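Take a look at the structure set out below.
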Amino acid sequence: MEEENGKQEPAEQKELLAGKFKSVDALVRAYGELEAEFTRRSQRLKALESEERKGEDAHPVMDGDGLFEAVKGNEEVRSRIVSEYLRSLKGVPLLSSSGAGVTAPVKKPSSIREAGKLALGYIRQQQNKQ
């Protein structure tokens, strides 16, 4: 089959173009549009990945040492942590920094009467706790 310009197209090429594209120019134009869309989507994906990495950098996951270093200079955070910790220790004796328990001075009774008063005070104290 002859076209207007006098050239004959192979049958395979006619079938390919006839299926979706009317001409080679239409195929080239569609390819150019597809390539442009692919480039736009690739750039958008790259921008989103970059934003995601920035978000991770703003809130890095820290280990115990990193977290300690981050908050030790902030007095408000430190006092909140200590307050919460002390509230959780109800009924537990406080410890000094060396780990030794803090105790009251020993009060030894000098008589039976004093020993009775101390024992009675202890019993009443235990009843009030319940």
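The values are calculated or read from the model by the stated rules, or taken from the named source; none is laboratory data. Because the structure is predicted, anything quoted here is derived from the model rather than measured. No Cβ is skipped: glycine too gets one built from the backbone with ideal geometry, and neighbour counts run over all protein chains shown.
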Item to check | S98 vs. criteria modelled with pLDDT under 75 and closer than 30 Å to F68 by Cβ | outcome: yes
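Per-residue answers, yes or no, for (1) assigned to a helix (DSSP H, G or I); (2) under 30 Å from K129 (Cα atoms); (3) among the aromatic types (F, W, Y); (4) at pLDDT 65 or above:
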{"site": "L17", "(1), (2), (3), (4)": "yes, no, no, no"}
{"site": "F21", "(1), (2), (3), (4)": "no, no, yes, yes"}
{"site": "V28", "(1), (2), (3), (4)": "yes, no, no, yes"}
{"site": "R40", "(1), (2), (3), (4)": "yes, no, no, yes"}
{"site": "R53", "(1), (2), (3), (4)": "yes, no, no, yes"}
{"site": "P60", "(1), (2), (3), (4)": "no, no, no, no"}
{"site": "A70", "(1), (2), (3), (4)": "yes, no, no, yes"}
{"site": "V82", "(1), (2), (3), (4)": "yes, yes, no, yes"}
{"site": "Y85", "(1), (2), (3), (4)": "yes, yes, yes, yes"}
